[in-house]
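The values are calculated or read from the model by the stated rules, or taken from the named source; none is laboratory data. Bear in mind the structure is a predicted one, so any value in this text is a computation, not a measurement. So basically every Cβ, Gly included, is an ideal-geometry build from the backbone, and we count neighbours across all protein chains shown. Calculation scope for accessible area: heavy atoms of the full protein, side chains included, ligands and nucleic acids excluded. Shrake-Rupley method; radii C 1.70, N 1.55, O 1.52, S 1.80 Å.
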Amino acid sequence: MERPRHQGMAKNTSMRWRLPLVCLLWEVAMIVLFGVFVRFGPEADAHWEEEKREMNLTSDIENDFYFRYPSFQDVHVMIFVGFGFLMMFLKRYGFGAVGFNFLLAAFGIQWALLMQGWFHSFKSGKILIGVENLINADFCVGSVCIAFGAILGKTSPIQLLIMTLFQVTLFAVNEYILLNLLHVKDAGGSMTIHTFGAYFGLTVTRILYRPNLEQSKDKQGSVYHSDLFAMIGTLYLWIYWPSFNSAISDHGDAQHRAAINTYCSLAACVLTTVAFSSMLQKKGKLDMVHIQNATLAGGVAVGTSAEMMLTPYGSLIVGFICGIVSTVGYVYLTPFLESRLHIQDTCGIHNLHAMPGLIGGIVGAITAAAATEDVYGKEGFIKAFDFTGTYQTRTPSVQGGFQAAGIVVSLLIAFAGGALVGAILRLPVWGDAATENCFEDDVYWEVPEDEESDVYHMHNPDKPASP
Amino acid sequence: MERPRHQGMAKNTSMRWRLPLVCLLWEVAMIVLFGVFVRFGPEADAHWEEEKREMNLTSDIENDFYFRYPSFQDVHVMIFVGFGFLMMFLKRYGFGAVGFNFLLAAFGIQWALLMQGWFHSFKSGKILIGVENLINADFCVGSVCIAFGAILGKTSPIQLLIMTLFQVTLFAVNEYILLNLLHVKDAGGSMTIHTFGAYFGLTVTRILYRPNLEQSKDKQGSVYHSDLFAMIGTLYLWIYWPSFNSAISDHGDAQHRAAINTYCSLAACVLTTVAFSSMLQKKGKLDMVHIQNATLAGGVAVGTSAEMMLTPYGSLIVGFICGIVSTVGYVYLTPFLESRLHIQDTCGIHNLHAMPGLIGGIVGAITAAAATEDVYGKEGFIKAFDFTGTYQTRTPSVQGGFQAAGIVVSLLIAFAGGALVGAILRLPVWGDAATENCFEDDVYWEVPEDEESDVYHMHNPDKPASP
Amino acid sequence: MERPRHQGMAKNTSMRWRLPLVCLLWEVAMIVLFGVFVRFGPEADAHWEEEKREMNLTSDIENDFYFRYPSFQDVHVMIFVGFGFLMMFLKRYGFGAVGFNFLLAAFGIQWALLMQGWFHSFKSGKILIGVENLINADFCVGSVCIAFGAILGKTSPIQLLIMTLFQVTLFAVNEYILLNLLHVKDAGGSMTIHTFGAYFGLTVTRILYRPNLEQSKDKQGSVYHSDLFAMIGTLYLWIYWPSFNSAISDHGDAQHRAAINTYCSLAACVLTTVAFSSMLQKKGKLDMVHIQNATLAGGVAVGTSAEMMLTPYGSLIVGFICGIVSTVGYVYLTPFLESRLHIQDTCGIHNLHAMPGLIGGIVGAITAAAATEDVYGKEGFIKAFDFTGTYQTRTPSVQGGFQAAGIVVSLLIAFAGGALVGAILRLPVWGDAATENCFEDDVYWEVPEDEESDVYHMHNPDKPASP
């Protein structure tokens, strides 16, 4: 029996030539560019023995690999399992959530190694990479995964790859402006990753607005098992967030401190998320959407300040506030954004990344402005904010001002870049699905037969399924 | 069509005001107490540069962060993913298993940082925390997750939070008596975590005995996918247990040895679990309950002795025995405990934590009593048992005696504490579900509509489902 | 109502006495052999304090534990979660996939510690183990997990244990010939793990050929959720593969470099897998089988060369090629192997491990042959290929020749060993299932009732289910 679901599928969503062409051409481009530009950094190069002697290192354990590799692997899990599974809550978009996330991230990290490399690791014509570059590439792609959350289920894989290409580029530019020109601290990326990524994605989804999306409203929900899969994503993001925020901090106390602050903020965030999730429902029942998402807001919001002397109780306060802001956002703001501002935000990234990211930028600015030599120690103060060279005379309050400027720059580039990319993605050649086929895996995926018939059967219990 | 499932739900299970109130008040209390007491330890403080000089450390890699952070993250996964998913085997209690575990653990780690901090890290009026405190807080909460296993599906989230508050407190007291007063070794917590946690939980569930629980017998089983989700929990617990037992051992050989012993014990345990699971079934088929749980008993049972010179073959013997004890427990003891002693142990923690925990305490006492300078080396002997200062003259056999005393103390505090907490939880104000609604997510959770209708449909195939 | 599914089950598949007997006897044998042979290595022994002085180490952080333990845990996850879940794609064989993988790996690591210990860590009559031995044991078992992929769903747990016993033994012999006699480099095991494991498994499944396997064709597919579970396996293998290939490389730059090369190769592989998966389907839809498997081929194929100066762009090229080879293999080669050569390869290990493993061996030979002192530096060159002692005068091109010889040896031992083991497994006493019951958990597992009725119900929607 023919299933009627695809009758309205007038659009040509076949990826057969377009997707392979993009993937292959771009990968060839990566190979050429890597061939021209990318080499091993001194700590990964076989000349390391000589390097060690020059740097007067007595042991192999001083290789940056051992300082950062465990954190790198945690971050890697967050990008591929964390984001991939978190977005698996939709009842019929699990393949797309985890599969497209996989695709865009695998492409994105390569392009990010190049883009960030040109800006930050370029020496005598070559990009010299090490484990810190891998972490930064994952971070950069994290901002694309965030933006993907806003347009989840409504875009073709080609659109996602195009968005990745542009967003990684703009991320690197924004990051360069913040870290190098404004000399801003943002180890966990409240501004560079979350604020930028979220407002970029929200702008894109605004431009891709689909007026009749309620046609696929029934597919925008979850089923019992898809919510459980999504919890895998949530928990890995939650557990490894201390690694995320500490991964590229200075060796020693800064990494240590960043992990503790993040641990505290996330713990507090869970309590207020549960409180408000229950309070805002008439029957006081908990909503999995909140548990899956708002519990993570505390990690986002200490992204800038985690490596500073935020202190554990300061972290608890930030987490406390963000659990509330994020949960309230899911209940009241998301419907408002959709109905009034025509921003269709599938995963609610406005609540999980945009607002907490802004809060994180502000907390970072305040924490920096409030820094004193007394709290940090003379050496610690200089080291924490890197007040050396040109920045030797910068004061904490000036630093706070530059931090705040970093938020504004991130927002501006996000809006402008999102508008540009949204406009490109609206071109009718990328094979996106018709509105009635959104949030539906079988537009782009071979979906196993018998479970489909099962679902069909569920929706039409009076008719026999055809196995 | 009205589903008849909730007709008998006379009890008021609405959490709308009670749960938010508890969460918010307690989190505010945490913030205040952290504000007064908790500060960064020297290795996480920005003064670390000066500290390093004083301690004569030449490299940042000497920061305890690099010795323990990878193990910490593994333990963190065990608490939140391991326990959360292990308890997901029930067919309709997946949200509660993973969600309530998340809630109680997020609260518990904060309270544990304080309680353990007052006992162990209190200096000049402040609790100074570092990565080891985070691990210990996770450990402490591990004992609550264990107790949760006994009452899974029968308690409201408020009851769980109250139990967490008390259990963490008692855990810290018991731990202080064992580690500081009795000078007992228990790095992986056979006594402090498993014996204490399990007998505490079993006492609580005894007091909360529900006579007619067989009414919800059909919901106490698993379905195919819930068993697969539970295996995620099992495997992460099994894989990371070597990190658990070595996480707070002395730097160097002790951590190394603890990991190897645990690896060996767990491997042996799998073989005997499979053997007895097959042997005790008439048709010789394997039971997922055993594979999910009894395979982990070997990790519990080397919790005390893993950092000692137990030797790899000693570990295999312990694992061998515990796989058998635990599997036999699931087949014969759990039904007996329920029918005769009125101990309703949802997850069978008596088999996975209580008995193996006791065995672990005993193995630890014997291993300590059998220690010789020959086996450990002169320095190694003193270091392994910390026979310095007041304990300079303690002999191995005396140490063995104190280890045994540690078991008894843990049991006594578990029983007394469990009785007290059980009595408090029986008060009729905490919103626990009626017996016929136990093991059912939709008492406390918004459950997605269409999958419910699916389940309904499954149970009533002759009636049409209402989507 | 009696289900008709088992009518044809003439074979005696009861494991009641056979499986327990094998498990218990073998575990007792392990205990005895460990008791006689296995002791802690110097870095895990309590005499470490003295050892440290002798080796002139100033800090505990120089213990190999801190160089390798994080990688070890990642590899451990790959073996138990990675392989276990990857094989969970079959609709009704999830328990078997993850459970039997658990069983064989838990036995295999013990036997591997002994076998590899006798060859590589045997000193004065004892096998001295440390974290590197644990990694190598996991590696060895990895080759068994690969072979398991070929016979998945068609063998009894006893057959798997027997295969494990023999394959671990042969693995250790092959590894000894390659690493010690031929002095070949193979840190990530393209030859020793993948080529050997895959061709061994393919030979076994050829000999166990079942002519009427299409009888259970409907059970050889996936369902929606089983594909999502399988993605957990895929992603953890993909994410942690850089740890796999770098886990036993030399400290410092070699580990660092191996991780970077693997990261790059895997990223490129995803793009070409997606390209060809889409291109080779008439409608251009992506196939989860390819995404689950072929995306990993890039990790296999740099297994030999990752620790060499392959360079990031070299890694991209290898990944690029392998994504294509592997995907094309799934589409064209697997059906051909089954219909013409009677090789029934359940998981398609020929595409994921055999061909990429061969490519990896060849890439390793070429990379070694092309090595120059200019690229590696004088010291780095000697260190990378261990051209010391007897091998002081070996040239890169000779090394390349020996590398190539390593491939041939691995193939020969795989074919001969697979034939032997296949013949043993054909004996009619091991309780394997009848062909019509292949790929079906309830032959060896207690399967929860109501979900079975659900499945039954799905397939026979016109008849009522009996809950």
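Annotations
- Number of the exception - residue A:179 against (1) more than 18 Å from residue A:415 (Cα to Cα); (2) open to solvent by less than 10 Å² (accessible area, probe 1.4 Å); (3) part of a helix (DSSP H, G or I): (2)
- Search result, residues across the stretch A:88-107 that are touching a Ser or Thr at 6+ places or on another chain (Cβ under 8 Å) and more than 9 Å from chain C (Cβ to nearest Cβ): A:89, A:90, A:91, A:104
- Residue within the stretch B:218-233 that is touching a Cys at 6+ places or on another chain (Cβ under 9 Å) and on the phi < 0 side of the Ramachandran plot present: yes
- Subset of the stretch A:212-240 [more than 10 Å from chain B (Cβ to nearest Cβ) and either in contact with a His (Cβ under 8 Å, 6 or more places away or on another chain) or open to solvent by less than 30 Å² (accessible area, probe 1.4 Å) (or both)]: A:213, A:216, A:219, A:230, A:233, A:237
- Screening the candidates B:95, B:72 for the property of being more than 24 Å from residue B:441 (Cβ to Cβ) and touching a residue at least 40 places away in the same chain (Cβ under 8 Å) yields one hit, B:72.
- Checking residue A:154 against (1) farther than 29 Å from residue B:449 by Cβ; (2) out of contact with any Gly (no Cβ under 7 Å at 6 or more places or on another chain), the condition it does not meet: (1)
- Checking each residue in the stretch C:280-297 for being closer than 23 Å to residue C:198 by Cα and either among the basic types (Lys, Arg) or within 10 Å of chain A (Cβ to nearest Cβ) (or both) picks out C:287, C:288, C:289, C:290, C:291, C:292, C:295.
- Test: residue in the stretch C:308-324 that is of a type outside the set (D, E, K, R), more than 13 Å from chain A (Cβ to nearest Cβ), under 24 Å from residue C:414 (Cα atoms) and open to solvent by less than 40 Å² (accessible area, probe 1.4 Å): no
- Close pairs from the stretch C:364-375: first within 18 Å of residue C:317 (Cα to Cα), partner among the aliphatic types (A, V, I, L, M) and outside any loop (DSSP other than H, G, I, E, B), Cβ under 6 Å, at least 6 apart: C:365/C:404
- Test: residue A:166 is over 29 Å from residue C:293 (Cβ atoms), touching a helix residue (DSSP H, G or I) at 6+ places or on another chain (Cβ under 9 Å) and in a helix (DSSP H, G or I): yes
- Qualifying residue in the stretch C:378-385 (condition: within 20 Å of residue A:48 (Cβ to Cβ) and open to solvent by less than 10 Å² (accessible area, probe 1.4 Å)): yes
- Residue match in the stretch A:260-271 (condition: part of a helix (DSSP H, G or I) and in contact (Cβ under 8 Å) with a residue 60 or more places away in the chain): yes
- Hits in the stretch B:15-42 - residues which are within 27 Å of residue B:122 (Cβ to Cβ) and among the basic types (Lys, Arg): B:39
- When B:304, B:346 are checked against the criterion of being open to solvent by 10 Å² or more (accessible area, probe 1.4 Å) and either modelled with pLDDT under 95 or part of a loop (DSSP other than H, G, I, E, B) (or both), a single residue qualifies: B:346.
- Residue that is most open to solvent (accessible area, probe 1.4 Å) [pool: residues in the stretch A:188-211 that are aromatic (Phe, Trp, Tyr) and within 21 Å of the chain's Cα centre (by Cα)]: A:199
- Looking only at the stretch A:52-63, and only at residues there that are within 8 Å of chain C (Cβ to nearest Cβ) and in a helix (DSSP H, G or I), the one that is modelled with the lowest pLDDT: A:52
- Taken over the stretch B:67-81, the criterion of being within 7 Å of chain A (Cβ to nearest Cβ) and closer than 26 Å to residue B:252 by Cα is satisfied by B:69, B:70, B:73, B:76, B:77.
- Looking only at the stretch B:243-253, and only at residues there that are more than 8 Å from chain C (Cβ to nearest Cβ) and in a helix (DSSP H, G or I), the one that is surrounded by the fewest Cβ atoms within 10 Å (Cβ to Cβ): B:246
- Test: residue in the stretch C:74-81 that is of a type in the set (D, E, K, R), within 30 Å of residue A:72 (Cα to Cα) and in contact with a helix residue (DSSP H, G or I) (Cβ under 9 Å, 6 or more places away or on another chain): yes
- For the stretch C:88-111, a residue qualifies if it is open to solvent by 10 Å² or more (accessible area, probe 1.4 Å) and assigned to a helix (DSSP H, G or I), and the qualifying residues are C:89, C:111.
- Residue match in the stretch C:352-368 (condition: over 21 Å from residue C:248 (Cα atoms), outside any helix (DSSP H, G or I) and either open to solvent by less than 20 Å² (accessible area, probe 1.4 Å) or not polar (S, T, N, Q) (or both)): no
- Test result for residue C:258, over 13 Å from the mean Cα position of the chain (by Cα), among the aliphatic types (A, V, I, L, M) and within 12 Å of chain A (Cβ to nearest Cβ): yes
- Of everything in the stretch C:1-51 that is more than 29 Å from the chain's Cα centre (by Cα), at the interface with chain B (Cβ under 7 Å from one of its Cβ atoms) and surrounded by 18 or more Cβ atoms within 10 Å (Cβ to Cβ), the residue that is modelled with the lowest pLDDT is C:49.
- Cβ-Cβ under 9 Å pairs, at least 6 apart or on other chains, the stretch A:403-425 side open to solvent by less than 40 Å² (accessible area, probe 1.4 Å) and in a helix (DSSP H, G or I), far side charged (D, E, K, R) and modelled with pLDDT under 95: A:425/A:432
- Of all the criteria given as (1) within 16 Å of residue A:300 (Cα to Cα); (2) within 14 Å of another protein chain (Cβ to nearest Cβ); (3) part of a helix (DSSP H, G or I), the one not satisfied by residue A:196 is (2).
- Hey, residue A:296 touching a residue at least 60 places away in the same chain (Cβ under 8 Å), of a type in the set (A, V, I, L, M) and crowded, with 24+ Cβ neighbours inside 10 Å or not: yes
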